[in-house]
Every structure is written in structure tokens, then in C-alpha cells.
């Protein structure tokens, strides 16, 4: 099939196969991919509304036994820079976020050797007793690790955490879902099967989740498409994913090193994700890794969501990549791209259409 026919097929929302996705990535121009992805995005989200969420990302610990080569944030056990936030510090961060309008707390950390399930149960119950906030927290590797050191199954872990107040799971720790590649960059992190099992079990207990892909780590386009295929297949089975968030590896201060992927390849991969993941409604842009200008462009390359105000961000910032924004600027970016801005919930329900007012200039964020 010609590239033109493939683009037409994809832009009409028809399912494309892995070999067709690779052909599109390798042969279609950036503008062609963007056009097709924008067509699909508009068909899924007519009416010109593009969204964002107000939240805070709290990294409760940086102590981690995984030691991933691409991570600049973690510290091994016993390191003088290692920390575990106190409950009081976490509650204060949440209180500040709620005062700024946050509806979601995204809490993630390292794979700490001593933080078993009782730590998280007590913390989540304390949070929910004080705040009406959604806990969109703990990535799949964290769930696998907590289950392992607590002597529980993944399902038992999820059920107990859900009972304590965990609402949904972020998609972190997926990186590239190809085991032979993961062995080179994160050999101690959960396997592909384990990551997918967490999401499968989350769906079985009524939780929702997001999916992510970290790319530009030296993987081939074949590996990226294999990753997308696993996400799409799991979504076919479970419907667990509310959104897909592709973002780029940042090499600063990491063992792996290398060069960061630029805006051109980011937008190509984002657009391909929109075309391939026909069963996931929401695609999120990444201003945290790409900056505000590229994130705004992403709204014309398949993304319907510009992400979060992310009142706090430490993992990407540890690489030296730092971008700054606030709710006012996110609304402005959406409006200047030709859309209506709306604040959403974790589940992509619209809270309000957001006017651009001077009152929105509060809560500057550095990430």
C-alpha cells in the first residue's frame, strides 16, 4: 500500500498494523503525519476543546534498588543524598496543592527496600482523611516491588492499596516494553509481563491507569512500535488506559548519557502514537521534556491534552532539563493554538472551561 493510502487509512481512524506504522514513520513527512494525527484527534475530540489538569507530583523517596541507567534522580540505599519524606512533609505539599486548585496527586518514588505495603496503607488513609483529592499514584514497578517485599500477589497489593485510598495508576516504568531492550537499561526493574500484569489486575479491580513510553534511549522504531502494540493489545483486552503519554529521555547526569531527542522526532512519534492507538482516546503532550513551544505544536500533532501544571517535578529536573509554567500559561498555550482550554479530572471529565484571566497567573511551577 502506498504511503498516501496508508495516511488516508490512518486518518480515517482505521486500525493500522505494526508494519504499516513503521512504514509511515520511515516514509511519511512530518507534516503528513501531523495532518493525519490531527484528523484523528479532531474526530475523537470535536468542538475544539483541549485540556489540562492541576496536580502535584510528589516524589516520596529517591532511594531505589533498581539503578536504571537512564535515571538521574535515584540514589542507592545508604547514599547521603537519599531521603524519605515525612508524612508531615507530604501532607503539607498536598495542602499547598489543594490551595492552588489541584484535583490530583501523582505520587511516585524509588523502589525502596524497606517501604512495605503497611507504609503506603497508613499514608494513603491519612491523606484521604484530610483531603478530597484523587490519588493517581504508584507506577507498575512500584506495585511489583511492594508486592514482592510484602509477600503479596499483585492483585492483593492493589486491593489493599485501593481500600486505603489509591484511585488510579500512572503509567511510569514502562519505558520500552521489550524485554531484551529493558535488560540493557533497567535490568532490575519489572519485566514486560509484570508491567502488563499490574495493569491487567488494576482493570480487574476497577482501577484506571495511564500508559507511557520513554523513547530516545537508543531503541529502534521497531521497538517503539512493539511497545505501542503491547499497549494497544492490553487496551483491547481491558480498557484500562485513560491516556497515553509519550515523552523523551533526558540524558543529563545519567549513567547512560547520549543525546536528547529533538522536537522533530518527538512530534513524529507523538503523531504515530495517535494514529496507532485507535482504542485510547487521550494523548498527552509533554512540556516537561520538550518545553512549551513544542507542547503547543503537539496539540496539532495528535495531542488533545497539554498535561499538568505539575506544581512540583523532580525526576526530569534531576537531568538538568528544567521548564517553567503555570495554569495561566497552559491556558494561554491552548488558546493561542486555536482551541478552548478546559480543566479536567484524572479521568478526563471536564471540570470547567477556563477563561484567560489575570487571576490565573498564580502558582508558578519549575520543572
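The values are calculated or read from the model by the stated rules, or taken from the named source; none is laboratory data. Being a predicted model, the structure only gives us computed values, none of them experimental. Glycine gets a Cβ as well: all are built from the backbone with ideal geometry, and neighbour counts include every protein chain shown.
Given the options 242, 229, name the one that is surrounded by fewer than 17 Cβ atoms within 10 Å (Cβ to Cβ) and either under 20 Å from residue 284 (Cβ atoms) or in contact with a helix residue (DSSP H, G or I) (Cβ under 7 Å, 6 or more places away or on another chain) (or both).
On the way: 242 fails: surrounded by fewer than 17 Cβ atoms within 10 Å (Cβ to Cβ).
Answer to the check: 229.
Regarding residue 165, is this residue at pLDDT below 95 and touching a helix residue (DSSP H, G or I) at 6+ places or on another chain (Cβ under 9 Å)? Spell out how you get there, then give the answer.
Values: at pLDDT below 95: no; touching a helix residue (DSSP H, G or I) at 6+ places or on another chain (Cβ under 9 Å): yes.
In short, no.
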message: Just to be sure before I move on: is residue 180 without any contact (Cβ under 8 Å) to a residue 60 or more places away in the chain, over 18 Å from the mean Cα position of the chain (by Cα), under 30 Å from residue 259 (Cβ atoms) and outside any loop (DSSP other than H, G, I, E, B) in the structure I sent?
response: yes
statement: Checked pairs for the range 225-240, first in contact (Cβ under 8 Å) with a residue 60 or more places away in the chain, second assigned to a helix (DSSP H, G or I) and surrounded by fewer than 22 Cβ atoms within 10 Å (Cβ to Cβ), C-beta under 6 Å and 6 or more apart or across chains, list as 225/18; 225/22; 229/18
- prompt: Restricting attention to the range 172-185, which residues are crowded, with 22+ Cβ neighbours inside 10 Å and within 29 Å of residue 127 (Cβ to Cβ)?
  reply: 173, 174, 175
field: Checklist (1) at pLDDT 95 or above; (2) in a loop (DSSP other than H, G, I, E, B); (3) within 23 Å of residue 197 (Cβ to Cβ) applied to residue 67, failing item
entry: (1)
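Could you please find all residues in the range 2-36 being farther than 18 Å from residue 266 by Cβ and in contact with a helix residue (DSSP H, G or I) (Cβ under 7 Å, 6 or more places away or on another chain)? Can you show your working first?
Here is the first cut: in the range 2-36, the ones farther than 18 Å from residue 266 by Cβ are 2-20, 23, 27.
The answer is 3, 6, 7, 10, 11, 13, 16, 18, 20, 23, 27.
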task: For residue 186, work out the one condition from (1) within 26 Å of residue 283 (Cα to Cα); (2) more than 20 Å from the chain's Cα centre (by Cα) it doesn't fulfil.
output: (2)
statement: Those residues of the range 1-22 which are under 26 Å from the mean Cα position of the chain (by Cα) and assigned to a helix (DSSP H, G or I) amount to 10, 11, 18, 19, 20, 21, 22
- request: Scan the range 27-46 residue by residue and report those that are exposed (fewer than 14 other Cβ atoms within 10 Å of the Cβ) and touching a strand residue (DSSP E or B) at 6+ places or on another chain (Cβ under 8 Å).
  value: none
- request: Could you check residue 254 against (1) crowded, with 17+ Cβ neighbours inside 10 Å; (2) under 23 Å from residue 304 (Cβ atoms) and say which number it fails?
  value: (2)
- prompt: Consider residue 277 against the criteria (1) under 21 Å from residue 11 (Cα atoms); (2) at pLDDT below 95: it satisfies all of them except one. Which criterion is unmet?
  reply: (2)
field: Residue count, the range 47-63 (criterion: surrounded by fewer than 19 Cβ atoms within 10 Å (Cβ to Cβ) and either free of Cβ contacts under 8 Å to residues at least 24 places away in the same chain or in a loop (DSSP other than H, G, I, E, B) (or both))
entry: 2
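To keep it simple, each residue is scored yes or no on (1) touching a strand residue (DSSP E or B) at 6+ places or on another chain (Cβ under 6 Å); (2) more than 21 Å from residue 58 (Cβ to Cβ).
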position	(1), (2)
136	yes, no
140	no, no
146	no, no
154	no, yes
157	no, no
175	yes, yes
179	no, yes
- prompt: Taking the range 311-342 as the region of interest, how many residues are at pLDDT 90 or above, surrounded by fewer than 22 Cβ atoms within 10 Å (Cβ to Cβ) and part of a strand (DSSP E or B)?
  reply: 2
- prompt: So which pairs qualify, if the first residue must be in the range 339-352 and on the phi > 0 side of the Ramachandran plot, the second must be surrounded by fewer than 19 Cβ atoms within 10 Å (Cβ to Cβ) and assigned to a loop (DSSP other than H, G, I, E, B), the Cβ gap must be under 8 Å, and the two must be at least 6 apart or on different chains?
  reply: 348/281
